[in-house]
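Peer 1: Have a look at this one.
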2 protein chains.
Amino acid sequence: MTHEAAFIAALRALATDPAARGLRDDAAVLPVAAGDLVLTHDMLVEGVHFLPDDPPGDVAWKLVAVNLSDLAAKGAAPLGLLMGCGLAGGGPDGDDTWDAGFVAGLGATLAAFAVPLLGGDTVRMPPGGPRTLGLTAIGRAPACGAPIRGGARAGDVLWASGTIGDAGAGLAIARAGRGDATLRDRYRRPAPRLAAGIALAPHVTAMADISDGLLIDAGRMAEASGLRAAIDLDAVPLSPALAAWGGQDRAARLAAATAGDDYELLFAAPPSATATLLALRQPLALNLTPIGWFEAGTGLALTDRAGAMPLPERLGYEHGA
Amino acid sequence: MTHEAAFIAALRALATDPAARGLRDDAAVLPVAAGDLVLTHDMLVEGVHFLPDDPPGDVAWKLVAVNLSDLAAKGAAPLGLLMGCGLAGGGPDGDDTWDAGFVAGLGATLAAFAVPLLGGDTVRMPPGGPRTLGLTAIGRAPACGAPIRGGARAGDVLWASGTIGDAGAGLAIARAGRGDATLRDRYRRPAPRLAAGIALAPHVTAMADISDGLLIDAGRMAEASGLRAAIDLDAVPLSPALAAWGGQDRAARLAAATAGDDYELLFAAPPSATATLLALRQPLALNLTPIGWFEAGTGLALTDRAGAMPLPERLGYEHGA
């Protein structure tokens, strides 16, 4: 059996849901109830989104997690995944160790999120071509409808889940090869907030995930809503591990709020929902923190205990910037 | 505006379906009726599945067409597409001409098949990295249920749609840079048999598309059905253009039956359905030809007017071979 055939056989062993048809048919066939489907597709490219020496199981985790985070932001429950997998080019036998680690990690990830692999495609990249991964995630929208990015209203409170900036520190730690493993794993193994997304959806007016940076993603929510977002930088929740790693001063908070890769939820809700939202923290075992509000205007307004402050030059990751 | 941002803006102009949310939300939200969805994902990699000097509009067409062909094989009507697009690496301005040609071709292709672009991801490959495209197609299964690859029964007739081998000749013509443009375009712009798939689905016991070669795909249908497929090579339909290009002798027929990229439909149906199927040729304006049958056993049995003949060494394209 060739390397590519062995890889496909290993994927077949993971694709046990009947909808996958054993990865032996032209397509997956998935029964669905009437309603809204939520669909997303994100790519990870070696040398761009991950490094050749990143553990392959972590790459598999991140590929799944970043797509499930998009579903979480729409309050959706995952139904299944389709994966496009461009294996490393080069020798006829491929890279057995990397590919085996990737499949093992993928299997563990599918089990962790209880989401089935339904189908996809495996190809060999040309010699020297980077590993290139694409994943489509399909979910079921909540009964209340999938929240939109641009639904915030003037007077709504802006909230964030979890803690912000851990992954930014984790990237630096992963690059340095030493440091707090908890922070590093927040970068390598982000936790999509699926349960929180489902629980929050009925109460929010807008929701998105924080992938490119809290400030830039809040700015996009404000722009899509035709409003200004006012953010209290001191209210942005930092983890004790992050505070220990980089402090909590203004520079540290700005770094956290612009780093990206958090995969936390950013959402808007009317002030009347505040008690309801705070009460969700315990069953979700997740921090939910008011960090600002929406008002008439455009762009972002940033304050801290010293008062209004200028926006940093870089608000987060901009595609094509 | 950077090149990548301009590319995304051009895609937004194509993604006019409300489900796409203007490509500005975390995910697409698609209302569906209760029933079976059909889902497929295929990749095209530069240097593997297409060449740097292939017209970019043809690459866009093929990306969409090969995925819609998988839907056609399951009798499905397309609902939408998500695209993962890895633009050429290199200079900061990318390749404006290629990318603009690709988006224009994609727009024309979406219009030709009346299928909406719902979402996806655009990334820049690392310097020197090949353009890498992935497409997920979502369709609605027919009311009779999506035909499976492995549903053929002993005694069923094996059929093929259209003509076989044109794309194989077309690839040779494209490589040579001269020859019959009709054959060349059968390679560059395959026609997914969507209307035929929908019309045939209620009458077939098994269906698949012919992507890797008639013989290898028939062998897979036989294997999945636990049967042997007997194929009359003389019955395999060749186009007049192919016959003029390469003749109709045994070698030419074997080349046609093993070339692949046909994107025709291969299906099994009981003999009692023969008249019904033949009557579909006129409304579909498409050849439907009985080319063999299924019987107890395994593998393929090949005959022509001279009687039983040995199988060629290569039955078609094998992934990882």
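Peer 1: Can you pull out every residue in the stretch A:142-168 that is over 30 Å from A:L106 (Cβ atoms) and in a loop (DSSP other than H, G, I, E, B)?
Peer 2: A:A143, A:C144, A:G145, A:I148, A:G150, A:G151, A:A152, A:R153, A:A154, A:G155, A:D156 - these are the residues of the stretch A:142-168 that are over 30 Å from A:L106 (Cβ atoms) and in a loop (DSSP other than H, G, I, E, B).
Peer 1: Now for a separate question. Residues that are touching a Pro at 6+ places or on another chain (Cβ under 8 Å) and in the same structural domain as A:D185 (by TED's automatic domain parsing): does the stretch A:243-260 have at least one? Let's see the steps before the verdict.
Peer 2: Step one: filter the stretch A:243-260 for residues touching a Pro at 6+ places or on another chain (Cβ under 8 Å), giving A:254, A:258.
Now restrict to residues that are in the same structural domain as A:D185 (by TED's automatic domain parsing): A:254, A:258.
Yes, the conditions are met somewhere in the stretch A:243-260.
Peer 1: Kindly establish whether A:D54 is part of a loop (DSSP other than H, G, I, E, B), among the charged types (D, E, K, R) and more than 11 Å from chain B (Cβ to nearest Cβ).
Peer 2: yes
Peer 1: Working only within the stretch A:220-234, note down all residues that are within 17 Å of A:L315 (Cα to Cα) and among the aliphatic types (A, V, I, L, M).
Peer 2: Those that are within 17 Å of A:L315 (Cα to Cα) and among the aliphatic types (A, V, I, L, M): A:M221, A:A222, A:A224, A:A229, A:A230, A:I231, A:L233.
Peer 1: Next question. Step by step: first the residues of the stretch A:4-20, then only those that are more than 27 Å from the chain's Cα centre (by Cα) and facing chain B (nearest Cβ under 7 Å), then the one that is surrounded by the most Cβ atoms within 10 Å (Cβ to Cβ). Which residue is that?
Peer 2: By that ranking, first place goes to A:E4.
Peer 1: When you look at A:L71, is it more than 24 Å from A:H203 (Cα to Cα) and within 8 Å of chain B (Cβ to nearest Cβ), yes or no?
Peer 2: Against the criterion (more than 24 Å from A:H203 (Cα to Cα) and within 8 Å of chain B (Cβ to nearest Cβ)), A:L71 does not qualify.
Peer 1: Out of B:R184, B:R178, report the one residue that is within 30 Å of B:P55 (Cα to Cα) and free of Cβ contacts under 8 Å to residues at least 12 places away in the same chain.
Peer 2: It is B:R178.
Peer 1: Follow-up question, since we're still on this one. Check off (1) more than 9 Å from every other protein chain (Cβ to nearest Cβ); (2) more than 20 Å from A:Y263 (Cβ to Cβ); (3) modelled with pLDDT under 95 for A:G107 and give me the number that stays unchecked.
Peer 2: The single condition A:G107 does not satisfy is (3).
Peer 1: Has the stretch B:32-44 got any residue that is surrounded by fewer than 23 Cβ atoms within 10 Å (Cβ to Cβ), modelled with pLDDT under 95, at the interface with another protein chain (Cβ under 10 Å from one of its Cβ atoms) and not in a helix (DSSP H, G or I)?
Peer 2: no
Peer 1: Name, by its number, the condition in (1) more than 11 Å from every other protein chain (Cβ to nearest Cβ); (2) in contact with a helix residue (DSSP H, G or I) (Cβ under 8 Å, 6 or more places away or on another chain) that does not hold for A:A27.
Peer 2: A:A27 satisfies all of (1) more than 11 Å from every other protein chain (Cβ to nearest Cβ); (2) in contact with a helix residue (DSSP H, G or I) (Cβ under 8 Å, 6 or more places away or on another chain) except (1).
Peer 1: Exactly one of these conditions fails for B:E313: (1) closer than 24 Å to B:H49 by Cβ; (2) touching a residue at least 60 places away in the same chain (Cβ under 8 Å). Give me its number.
Peer 2: Every listed condition holds for B:E313 apart from (2).
Peer 1: Can I ask one more? Please determine whether any residue of the stretch B:213-236 is outside any helix (DSSP H, G or I), touching a residue at least 24 places away in the same chain (Cβ under 8 Å) and surrounded by fewer than 18 Cβ atoms within 10 Å (Cβ to Cβ).
Peer 2: Yes; the residues of the stretch B:213-236 include at least one that is outside any helix (DSSP H, G or I), touching a residue at least 24 places away in the same chain (Cβ under 8 Å) and surrounded by fewer than 18 Cβ atoms within 10 Å (Cβ to Cβ).
Peer 1: Is it true that some residue in the stretch B:261-280 is of a type in the set (D, E) and within 14 Å of chain A (Cβ to nearest Cβ)?
Peer 2: yes
Peer 1: Take the conditions surrounded by 15 or more Cβ atoms within 10 Å (Cβ to Cβ), over 21 Å from the mean Cα position of the chain (by Cα), acidic (D, E) and not assigned by TED's automatic domain parsing to the domain that holds A:V48 and apply them to A:D304. Does it pass?
Peer 2: Details: surrounded by 15 or more Cβ atoms within 10 Å (Cβ to Cβ): yes; over 21 Å from the mean Cα position of the chain (by Cα): yes; acidic (D, E): yes; not assigned by TED's automatic domain parsing to the domain that holds A:V48: yes.
Criteria met by A:D304.
Peer 1: Can you pull out every residue in the stretch A:125-141 that is out of contact with any helix residue (DSSP H, G or I) (no Cβ under 6 Å at 6 or more places or on another chain), closer than 17 Å to A:M43 by Cβ and either facing another protein chain (nearest Cβ under 7 Å) or assigned to a strand (DSSP E or B) (or both)?
Peer 2: If the condition is that a residue be out of contact with any helix residue (DSSP H, G or I) (no Cβ under 6 Å at 6 or more places or on another chain), closer than 17 Å to A:M43 by Cβ and either facing another protein chain (nearest Cβ under 7 Å) or assigned to a strand (DSSP E or B) (or both), then A:M125, A:G129, A:P130, A:T132, A:G134, A:T136, A:I138 are the ones that fit.
Peer 1: Let me ask you something else. Filter the stretch B:57-81 down to residues that are part of a helix (DSSP H, G or I) and of a type in the set (G, A, S) and give me whichever is surrounded by the most Cβ atoms within 10 Å (Cβ to Cβ).
Peer 2: B:A73
Peer 1: For the stretch A:86-101, indicate whether the set of residues that are more than 9 Å from every other protein chain (Cβ to nearest Cβ) and closer than 26 Å to A:D212 by Cβ is non-empty.
Peer 2: Within the stretch A:86-101, none of the residues are more than 9 Å from every other protein chain (Cβ to nearest Cβ) and closer than 26 Å to A:D212 by Cβ.
Peer 1: Within the stretch A:111-140, which residues are buried (at least 20 other Cβ atoms within 10 Å of the Cβ) and under 17 Å from the mean Cα position of the chain (by Cα)?
Peer 2: Hits for the stretch A:111-140 are A:V115, A:L133, A:G134, A:L135, A:T136, A:A137, A:I138, A:G139.
Peer 1: Here's a follow-up. Please state which one of B:L171, B:L158 is touching a residue at least 24 places away in the same chain (Cβ under 8 Å) and surrounded by 24 or more Cβ atoms within 10 Å (Cβ to Cβ).
Peer 2: Only one candidate passes the filter, namely B:L158.
Peer 1: Given (1) within 30 Å of A:G80 (Cβ to Cβ); (2) assigned to a helix (DSSP H, G or I); (3) touching a strand residue (DSSP E or B) at 6+ places or on another chain (Cβ under 7 Å), identify the lone condition not met by A:P202.
Peer 2: Unmet for A:P202, out of (1) within 30 Å of A:G80 (Cβ to Cβ); (2) assigned to a helix (DSSP H, G or I); (3) touching a strand residue (DSSP E or B) at 6+ places or on another chain (Cβ under 7 Å): (3).
Peer 1: Consider only pairs whose beta carbons are under 7 Å apart and that are at least six residues apart or on different chains; among these, list those whose first residue lies in the stretch A:255-277 and is surrounded by fewer than 19 Cβ atoms within 10 Å (Cβ to Cβ) and whose second residue is β-branched (V, I, T).
Peer 2: Pairs that qualify, where the first residue is surrounded by fewer than 19 Cβ atoms within 10 Å (Cβ to Cβ) and the partner is β-branched (V, I, T), are A:P270/A:T205; A:P271/A:V157; A:T274/A:V157.
Residue-wise test of (1) under 23 Å from A:T182 (Cβ atoms); (2) over 17 Å from the mean Cα position of the chain (by Cα); (3) more than 14 Å from chain B (Cβ to nearest Cβ); (4) not charged (D, E, K, R).
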site: A:A208; (1), (2), (3), (4): no, no, no, yes
site: A:G213; (1), (2), (3), (4): yes, no, yes, yes
site: A:I216; (1), (2), (3), (4): no, no, no, yes
site: A:D232; (1), (2), (3), (4): no, yes, yes, no
site: A:A241; (1), (2), (3), (4): yes, yes, yes, yes
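Peer 1: Answer with yes or no whether B:I173 is within 20 Å of B:G213 (Cβ to Cβ) and under 19 Å from the mean Cα position of the chain (by Cα). Steps first, please.
Peer 2: Working: within 20 Å of B:G213 (Cβ to Cβ): yes; under 19 Å from the mean Cα position of the chain (by Cα): no.
So B:I173 fails the test.
The values are calculated or read from the model by the stated rules, or taken from the named source; none is laboratory data. All values reported here derive from a predicted model rather than from experimental measurement. Glycine gets a Cβ as well: all are built from the backbone with ideal geometry, and neighbour counts include every protein chain shown.
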